[in-house]
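The values are calculated or read from the model by the stated rules, or taken from the named source; none is laboratory data. Quick caveat, the model's predicted, so the values are computed rather than measured. Here the Cβ is made from the backbone with ideal geometry for all residues, glycine too, and neighbour counts use every protein chain on show. With ligands, DNA and RNA removed, areas are computed over all heavy atoms of the protein, side chains included. Shrake-Rupley method; radii C 1.70, N 1.55, O 1.52, S 1.80 Å.
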Protein chains: 2
Amino acid sequence: MAYLQRFYDPTGKELKSFCARNTLDGASVATQVQDILSAIKKEGEKALQRYSKEFDGVTLASLKVGAQEFAEARTLVSDDLKDAINIAAANIHTFHSEQLSQGESIEVMEGVSLWRKIVPIKRVGLYIPGGSAPLFSTVLMLAIPAQIARCESIVICTPPNKEGKIHPAILYAAEVCNVKTIFKVGGAHAIGAMAYGTRSIKKVDKIFGPGNRFVTEAKTQVGSSACAIDLPAGPSEVMVVATNATSPRFVASDLLSQAEHGPDSQAMVVLISNDPDGWIDSLEAQLSAQVKDLSRSEYVEHSLAGSKIAVVWDHHDAINVVNAYAPEHLIINTADERGDEIIMFFTENAGSIFLGPYSPESVGDYASGTNHTLPTGGWARSVSGVSVDSFIKKITVQKLSEEGLNILGPTVHTMAVAEELEAHANAVAVRLEKKR
Amino acid sequence: MAYLQRFYDPTGKELKSFCARNTLDGASVATQVQDILSAIKKEGEKALQRYSKEFDGVTLASLKVGAQEFAEARTLVSDDLKDAINIAAANIHTFHSEQLSQGESIEVMEGVSLWRKIVPIKRVGLYIPGGSAPLFSTVLMLAIPAQIARCESIVICTPPNKEGKIHPAILYAAEVCNVKTIFKVGGAHAIGAMAYGTRSIKKVDKIFGPGNRFVTEAKTQVGSSACAIDLPAGPSEVMVVATNATSPRFVASDLLSQAEHGPDSQAMVVLISNDPDGWIDSLEAQLSAQVKDLSRSEYVEHSLAGSKIAVVWDHHDAINVVNAYAPEHLIINTADERGDEIIMFFTENAGSIFLGPYSPESVGDYASGTNHTLPTGGWARSVSGVSVDSFIKKITVQKLSEEGLNILGPTVHTMAVAEELEAHANAVAVRLEKKR
């Protein structure tokens, strides 16, 4: 059985079809989410408690994680995992610290001083999905840049399990990042609570984090009206650029790590080759072999069904396919260092790039230090992944001296009059005492 | 007659009411815009031409501005205005050039190299409103940072007048910025054309620029699905912080320049004073006097009706009001340099700050060099104004050597196993030849 749909030298409509994402109809989700958000906005805490019971399946005396639960988590997480989390946190901290901008300052003309003042976003809300796996890595990826930006309030919402508990690794990761405010609530109602505020959860200024279709839809809906959001989110995806010299075993492992994310994940290959079929057969063989070792193999096989391979002639064509698809994760592994660098150099659209044979996506997902919250679904054309930039604002400031306004004033006056905005002109005129 | 609604020491609900924006019901606009966007998406050029005829009121052989029209514009713009535009463009260029980031690069561990690659957004679309005034200044504010970022394609859409022409100052400003692709089309259909692409207008990756309610609604709708947008937009606003020592004449001129923007603009004052009424009366007198000199005085008086003044005890309270309102434009003019600086220092939420008596908003609107595309409606809590940042993406790149993966691999493996993502762990394992 072949997993990958093969495209030979796709251009035009074929390239478009190669680049198409797996999409699901979202109309009924949108309506349900709208109802949930309206209820939270209108009824606040009461609605939050009701949905918590209905969707999270628990009734809790307090949504907030207490000190004892944090203490308990410390005893439940193995030392190995603690060490790993600490190493990952250190790398993420190191790389993201470099991103903190100082703001520029310049005197553009005599007496006309301009600068940008860097200010953290005050209140941020981080959503950490529950579901099948405890995504403590996402805690690190969102809380560390928030901490570096010096956001005053950092809160986490994450759904509890049926016993009303949060996975200890999530609590441990939060503690490593000095985040102490965690609410046991998930789903669209959690997004609504952060966007509008309820008695227990204070309104935040910006919401971050991945989630299922309900969470994503809720973020989209609040994002255009109530509260900023990090990124338009969608199913995860990887694109691997390879040649006949690339290890099919490595590529298969990368495709499978994408496939295990979910049934709508996409694992894509671009193969630069003029004799592709043997290599593709080896890749298929590796996929079959490796998938057997995975406990959730059936699930992974299902999600691999949407995977595709494009065979292209040369590096130039490969770059075209990469930029047309705009992958969230791009692994460039042509088994030739110079070739990898050329493709990287000309890549315009990607969330994060993994260069060379020893840079699997999973290093960036966890511990290299780059952020794993990245644009999906082609948004890499216009949007960057989460960074410290996502947690700050840059306020421009200008200060003119009397001399500065004397010099620049006539320019402003002329332009304002030409735009037929005479009060704008007048604000300069009264200051220059040249009252009309 | 008094223009300003007075609030004395507003806190709690009163402060909330002081900070409330003028809002208009948008439901019918949303439906109309949805229909227009669907038609553009489905029918492309045909729908674009139809709406162009219906809304812009003209039928044009070509939507695109030709070389002759650019040449004609050069002869129609006065030398004075050309000089003013050139000076403004130079200042905007100087300040925005400082904003171009180089990307950071670091080796976080031996053999684990990370950096951010700065890439311009390839295709950007700039919307320039038509309407009562020719907003050529907005051309400079959007096209100059796009040019500095090196966006490959910069197109402008702007509605023509009844003769099918574009104001010459808009064409001249575009030429100064080296933008040669201008389409004579305005409204929601122009946004749809840039978001989805039609025969004449190619799809862009991000849309920038202000507009009326239809344009704004269209940007919001495409922004969550088809195409990135610059900012959530809304009516313009200014907040002036003053004391009894501040010139009421200056403040009145600033409020009026805001009021002339439109009927839903807001002009707000925060007065630090324990004896406010005399100063407020002087301000009212100045407003009455200055408004008489304006040709559109009736219109301005109407829009001043939504204006408010908050009287507070001290600088601390003033800062609280400023941060609660989160103004697009903040003029800090307490007639005391040190006091101005303190308020600036503690300002967390504002689009752009104008410091001191000689920095009216109009200098930033036109020519000081800061950008005038700024967050309104309280979005300054979480969003920055347009800058070169808005036209670039930062792609993270990581390259691990074999040694690097040897060092970091076990950390990644431990975390992946703990998140129950065994294929992620396997992608490291196969590379380290430690096949399970």
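Near A:Ser295, once Lys and Arg are set to +1 and Asp and Glu to -1 for all other residues with Cβ below 11 Å from its Cβ, the sum equals -3. Position A:Ser97: other-copy label points at 3.3 nm, ordered by increasing distance, label point 7 Å along Cα→C-beta. Across A:Val65, A:Val112, A:Val204, mean-square fluctuation computed from a Gaussian network of chain A (C-alpha pairs under 10 Å connected) peaks at A:Val112.
The alpha carbon centroids of segment B:94-110 and segment A:1-55 are separated by 35 Å. In this simple spin-label approximation, B:Lys202 and B:Ser153 carry label points 7 Å from Cα along the Cα→Cβ vector, and these lie 0.3 nm apart. Along segment B:51-66 the Karplus relation, 6.51 cos²θ - 1.76 cosθ + 1.60 evaluated at θ = phi - 60°, assigns HN-Hα couplings of 5, 4, 5, 5, 9, 7, x, 9, 10, 10, 4, 9, 6, 7, 5, x Hz to successive residues, with x for each Gly and Pro. How much net charge surrounds A:Arg74 when only the other residues with a Cβ under 15 Å from the Cβ of A:Arg74 are counted, with Lys and Arg +1 and Asp and Glu -1? Summing Lys/Arg as +1 and Asp/Glu as -1 gives -3. Under a 5 Å amide H cut-off, with hydrogens placed 1.01 Å from N, A:Thr334 pairs with A:Asp340, A:Gly356 among residues at least 5 apart or on other chains. Which of the three applies to chain A, rounded, prolate or oblate, going by the alpha-carbon gyration tensor with a ≥ b ≥ c and a/c under 1.5 meaning rounded? Oblate, since a/c reaches 1.5 and b/c is not below a/b. Electrostatic bookkeeping for A:Gly404 treats Lys and Arg as +1 and Asp and Glu as -1; over the other residues with beta carbon under 10 Å from its beta carbon, the sum is -3. Within segment A:136-166, find all residues whose amide N lies under 20 Å from a label point positioned 7 Å from the Cα of A:Thr59 along Cα-to-beta-carbon. Only A:160-166 pass the distance filter. Chain B has one residue whose beta-carbon comes closest to the axis relating it to chain A; that residue and its distance in whole Å are B:Ser224, 3.
Reducing segment B:151-215 and segment A:295-354 to their Cα centroids gives an inter-centroid distance of 34 Å.
Per-residue surface analysis assigns A:Leu400 an accessible area of about 10 Å², computed on protein heavy atoms at 1.4 Å probe radius. With label points defined 7 Å past Cα in the direction of Cβ, position A:Asp264 shows copy-to-copy spacings of 3.2 nm, given to one decimal and shortest first. Couplings for segment A:286-291, taken from phi via the Karplus curve 6.51 cos²θ - 1.76 cosθ + 1.60 with θ = phi - 60°, read 5, 4, 4, 5, 6, 5 Hz in order; Gly and Pro are left as x. Taking 29 Å as the straight-line reach from the Cα of B:Lys399, the lysines in range (excluding those fewer than 8 positions away in the same chain) are A:Lys82, A:Lys308, B:Lys117, B:Lys122, B:Lys434, B:Lys435. For the pair B:Ala90 and B:Glu69, how long in nm is the line joining their label points, each one 7 Å along Cα→Cβ? Going by the 7 Å Cα→Cβ label model, 3.0 nm.
Once both labels are positioned 7 Å from their Cα atoms along Cα-to-Cβ, the gap between B:Glu298 and A:Ala335 label points is 8.1 nm.
Using the Stokes-Einstein relation with a Kirkwood hydrodynamic radius computed over Cα pairs, the translational diffusion coefficient of segment B:27-229 at 4 °C and a viscosity of 1.567 mPa s comes to 72 µm²/s. For A:Asp277, the accessible surface of its heavy atoms amounts to roughly 70 Å² (probe 1.4 Å, protein chains only, rounded to the nearest 10).
For segment A:123-183, GluC sites (Glu not before Pro) meeting the loop criterion (DSSP other than H, G, I, E, B) and having at most 13 other Cβ atoms within 10 Å: A:Glu152, A:Glu163. Taking the helices alone, the protein assembly as shown has a mean residue ellipticity at 222 nm of -13500 deg cm²/dmol, built from -39,500 (n - 2.57) per DSSP H run of at least 4 residues and averaged over all its residues. Note that segment A:215-226 has calculated 3J(HN,Hα) couplings of 5, 4, 5, 5, 4, 4, 5, 6, x, 9, 9, 10 Hz, one per residue in order, obtained from phi through the Karplus relation 6.51 cos²θ - 1.76 cosθ + 1.60 (θ = phi - 60°); glycine and proline are x. About its Cα centre, chain B has a charge dipole of approximately 2280 debye under the convention of +1 per Lys or Arg Cβ and -1 per Asp or Glu Cβ, with nothing else charged.
Taking only Cα atoms, what is the 0 to 90° angle, nearest 10, from helix A:248-259's long axis to the longest principal axis of chain A? For A:248-259 against chain A, the angle is about 60 degrees. Accessible surface ranking for B:His413, A:His167, B:His189, 1.4 angstrom probe, highest first: A:His167, B:His413, B:His189. Take A:Asp281, push a point 7 Å out from Cα through the beta-carbon direction, and compare it with the same point in every other copy: 9.8 nm, smallest first. Seen against the Cα atoms of chain A and their longest principal axis, helix A:337-346 is set at about 40 degrees. Here is the interface size for B with A: some 10700 Å² of accessible area buried, both sides summed, with a 1.4 Å probe. Rounded to the nearest 20 debye, the dipole size of the protein assembly as shown about its Cα centre is 1660 debye, using +1 on the Cβ of Lys and Arg and -1 on the Cβ of Asp and Glu.
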